[in-house]
1. Principal axes first, then extents: for the Cα atoms of region 8-78, list largest minus smallest coordinate on each axis, whole Å, largest first.
2. What ranking, highest mean first, results for peptides 46-55, 311-320 when packing means the other Cβ atoms within 10 Å averaged over each residue?
3. Please compute the net charge surrounding Arg81, taking Lys and Arg as +1 and Asp and Glu as -1 over other residues with Cβ under 11 Å from its Cβ.
4. Given H placed on each backbone N at 1.01 Å, which residues far from Arg32 in sequence or on other chains put an amide H within less than 5 Å of it?
5. Convex hull over the Cα atoms of region 95-176, averaged projected area in nm²?
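Every number here is computed from the coordinates shown, using simple stated rules; none is lab data. It should be emphasised that the depicted structure is a prediction, and the values quoted were computed from it without experimental measurement. Please note: Cβ atoms are built from the backbone with ideal geometry, for glycine as well, and neighbour counts cover all protein chains shown.
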Amino acid sequence: MSVAGASLVATALDTDVAGRLMVVAGPLGGLRAIWFCEGDAGGDDAARAYLSVALGAPILEGRSPALTRAVAELRGYLAGRRRGFSVALDPHGSPFEARVWAALLAIPYGETLTYGEVARRVGKPDATRAVAGACGRNPLPIVIPCHRVVASDGLGGFGGGLALKRRLLTHEGAATPPLLRLLADDGEGPGDDDGDAWLEQALAGGVGGAELVDGVLDRLAPEAWPDAAARVLAARLRGADDIALTLLEAFAHEEARAATPRSSAEALARFVTVAGRAAPACLDLVARRPPPPRWPPEEAARVSRACEAVMGDEGATRQARDAACALWIAIDPEGAEAAVAEIAARALAGEDPSGASG
């Protein structure tokens, strides 16, 4: 416990991995908060003012034994010289949040858990969302390692941004799902010219797992990943489902995080076709991205047809069909409006809205 209303003390720390940090200690010597300053307008003064309000106490610039120790341990961790922290902690939260944060402290360096797994560890197996919320309200990121908690279908969230979460997991060499290893490399540029031939050779030779994922990432441009995922599934390799899911997740994250969508209509149509069955969460992620470009009508129709096929696929999940519908409307709003009007007209006329004959 800290003294109510007593001043806190803070110092700033510049790091290569995590950028500029504001480290705050309480009056009884425990570490109270760590704040990522990157992108803050107004610099350190603005960060301290915000934290004063958030923490409910004035913050003074200065030093304390706890700050000195925390800064030294953070530097050691980010330089790869240490794997844990011994500085005293003084985070303030609800009893449930305290239980979650204690569970996070028990996750070993270089390992990850899903939000659901943490929920089970704190005795609340149905509280996955509440656990995610407690991770988001963690006042001591890095030290209380919420970056080691991931979603079952991707990275999940992080107060410092997903790019920093990837860097921290990569820095630890975490034994993460293939998606996290893949996303540690931004894969911005096109692949080598021999990428397609390499994939054929790898499939013929039975290459699988991380080796195949890394090879596809290195040699194929992101637009080729959906086709690669389809071919991996068709090859029936050991772990093919996981490999294909990794490639589809990578494509989805590339699309969703881009300022403007970068895929061609052909690549997006292929992604919709494969993800509709193999990875509905990936399709949902792409459907939530910024509106796709205005392709020529014949190109837009290619993607629309792929979306319509998923929407009409009885074997697709509800999530996949809803995501395909959302993407279809974004790509072809006029066509979607006309289709809805036609269905409404059929219903009013007492006909089968699907247009099927009796």
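1. Result for region 8-78: principal-axis Cα extents of 30, 30, 16 Å.
2. Packing order, densest peptide first, comes out as 46-55, 311-320.
3. Value of the local net charge: +2.
4. Val24, Ala25, Gly26, Asp90
5. On the way: hull surface 18.4 nm².
Value for region 95-176: 4.6 nm².
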